[in-house]
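The values are calculated or read from the model by the stated rules, or taken from the named source; none is laboratory data. Please read these numbers as outputs of a predicted model, since none were measured by experiment. Counting neighbours? That spans all protein chains shown, and the Cβs are built from the backbone with ideal geometry, glycine included.
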Amino acid sequence: MPRWFANLRDRLRFLDLTLSLHRDVRVRVIERPGLWMEPAELNALLATFRGIVVDGIGNDLQYGVLSGDIQRLRNAVITVVYDRSNGRAVAFNALSYMPIEIRGRATEALHLGLVMVDPAYRAKGMSWILYTLTCVLMFFRRGLRPLWISNVTQVPAVVGKVAEGFVNAYPNPFTPTRRSFDHLIVAREIMAHHRQVFGVGDEAGFDEQRMVITNAYTGGSDNLKKTFEQAPKHRDERVNALCARELDYDRGDDFLQIARLDLPAARAYLFSEVPRHSLPGLLWQLAFLLVGSAVLPLLHWLNPREAMGDLRARA
C-alpha cells in the first residue's frame with residue numbers, strides 16, 4: 001500500500017471536526033491526533049495549549065497531553081476554541097481515553113481532563129462546549145454505546161458543572177445519586193492504572209467511600225493546587241458546601257467523579273444545556289456521526305478485501 005494512501009486512510013479514520021455553534025467562537029474537535037497528525041502540526045498544537053495555560057494560571061503544567069508524550073496524544077480527544085474575530089485560540093479541553101476492565105469486559109473510559117480558558121473569555125457562555133460537548137460527540141460516534149466518564153477536580157464550579165451535565169455522576173451535590181458497584185470498579189481501575197493522565201502521583205491516597213483523592217498534587221499537576229478561597233465557586237451553594245466539607249484544601253484533595261453517558265444523559269444535555277440557537281447545527285453534526293457509525297461497518301462488511309473471518313458476508 002502506498003505511504004500516501006496509508007496516511008490519507010489514517011487521516012480520515014479519526015475525527016477532525018470544525019463547528020460553528022457560538023456567535024463569538026468556532027470550535028475544533030480533534031480525535032487522537034498522535035496517531036495521524038504531522039509532527040510540525042502536533043508541536044504547534046502543543047505550543048497553543050501551553051500558551052493558554054500560561055495565560056490562565058501564570059505557570060506551565062507537565063502532565064497529560066501537555067507533557068508532549070506521544071502515547072497521551074494517541075489517546076486524546078482535544079477541543080480547541082478560537083475567537084471568530086481574530087482566529088486566536090482562547091480555550092481548550094484535553095480529554096483522554098483510558099482502557100479499563102469492568103465485569104470482565106475490556107472497555108474505555110473518557111477522562112474529562114484539563115480545561116483551560118483565557119481569563120478574558122471566562123464569561124462568554126462556553127462551559128457547555130468545554131465540559132460536555134465532546135463527550136456527546138464521541139457517544140454518537142461510538143454508535144450510542146454507553147460511555148464511562150471521569151473527572152478529577154477540587155474546583156466547586158467544575159464539580160457542579162459535571163454533575164449538571166451528567167445526571168448520574170457520583171459524587172453529585174444536587175441529587176442523591178447512588179455509588180453503584182460499577183462506579184466503584186471504574187474508579188478503582190482508573191486509580192490503579194491511569195493516575196498519570198490527570199497528574200496524580202503514586203503516593204496519593206484514595207478514599208473509596210467519599211470518592212476523594214488525598215494529597216493529589218504531586219504528579220505534574222502541582223501548579224493547579226488552590227485554596228478553597230481561590231477555587232472558583234458554583235452558583236449553587238450546595239456544591240460549595242460539599243467541597244468545603246469533604247476536601248482538605250491544605251493537603252490538596254480532589255474529588256474523583258464517575259458518570260455514565262447514555263442516551264437519557266445525552267438527551268438531557270442536548271435539551272437543557274445547549275443554547276437553542278446552537279441546537280440545530282449540533283443535531284445535524286450528531287446525525288452525520290450516527291449515520292457514519294452505521295454505514296461504515298456495512299461498507300467494511302461488503303468489502304471482500306477486509307479480513308473478517310467467519311463474519312464475512314460472502315467469500
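Data table
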item	result
Matching residues, the stretch 69-88, being of a type outside the set (S, T, Y), in contact (Cβ under 8 Å) with a residue 12 or more places away in the chain, surrounded by 14 or more Cβ atoms within 10 Å (Cβ to Cβ) and not in a helix (DSSP H, G or I)	N75, A76, V77, I78, V80, V81, D83
Options M98, M37; residue that is under 29 Å from E189 (Cβ atoms) and assigned to a loop (DSSP other than H, G, I, E, B)	M37
Residue list for the stretch 57-86, filter: in contact with a strand residue (DSSP E or B) (Cβ under 9 Å, 6 or more places away or on another chain), of a type in the set (G, A, S) and more than 14 Å from S221 (Cα to Cα)	A76
Matching entry among L282, L247 (being at pLDDT 80 or above, under 22 Å from the mean Cα position of the chain (by Cα) and within 30 Å of G125 (Cα to Cα))	L282
Every pair of residues 6+ apart whose Cβ atoms lie under 9 Å, when the first sits in the stretch 206-231 and is closer than 13 Å to C243 by Cβ while the second is assigned to a loop (DSSP other than H, G, I, E, B) and of a type in the set (S, T, Y)	K226/Y249; T227/Y249; F228/Y249; E229/Y249; Q230/Y249; A231/Y249
Matching residues, the stretch 204-245, being surrounded by fewer than 20 Cβ atoms within 10 Å (Cβ to Cβ), touching an Asp or Glu at 6+ places or on another chain (Cβ under 8 Å) and not in a loop (DSSP other than H, G, I, E, B)	V212, T214, N223
Residue check, L299 assigned to a helix (DSSP H, G or I) and either over 30 Å from E189 (Cα atoms) or modelled with pLDDT of 75 or more (or both)	yes
Residue within the stretch 151-172 that is under 18 Å from W128 (Cα atoms) and hydroxyl-bearing (S, T, Y) present	yes
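One line per residue, one yes/no per condition, for (1) of a type outside the set (G, A, S); (2) crowded, with 22+ Cβ neighbours inside 10 Å; (3) in contact (Cβ under 8 Å) with a residue 60 or more places away in the chain; (4) assigned to a loop (DSSP other than H, G, I, E, B):
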residue	(1), (2), (3), (4)
V152	yes, yes, yes, no
A157	no, no, yes, no
E164	yes, yes, yes, no
N168	yes, no, yes, yes
R178	yes, no, no, yes
D182	yes, no, yes, no
I185	yes, no, yes, no
E189	yes, no, yes, no
A192	no, no, no, no
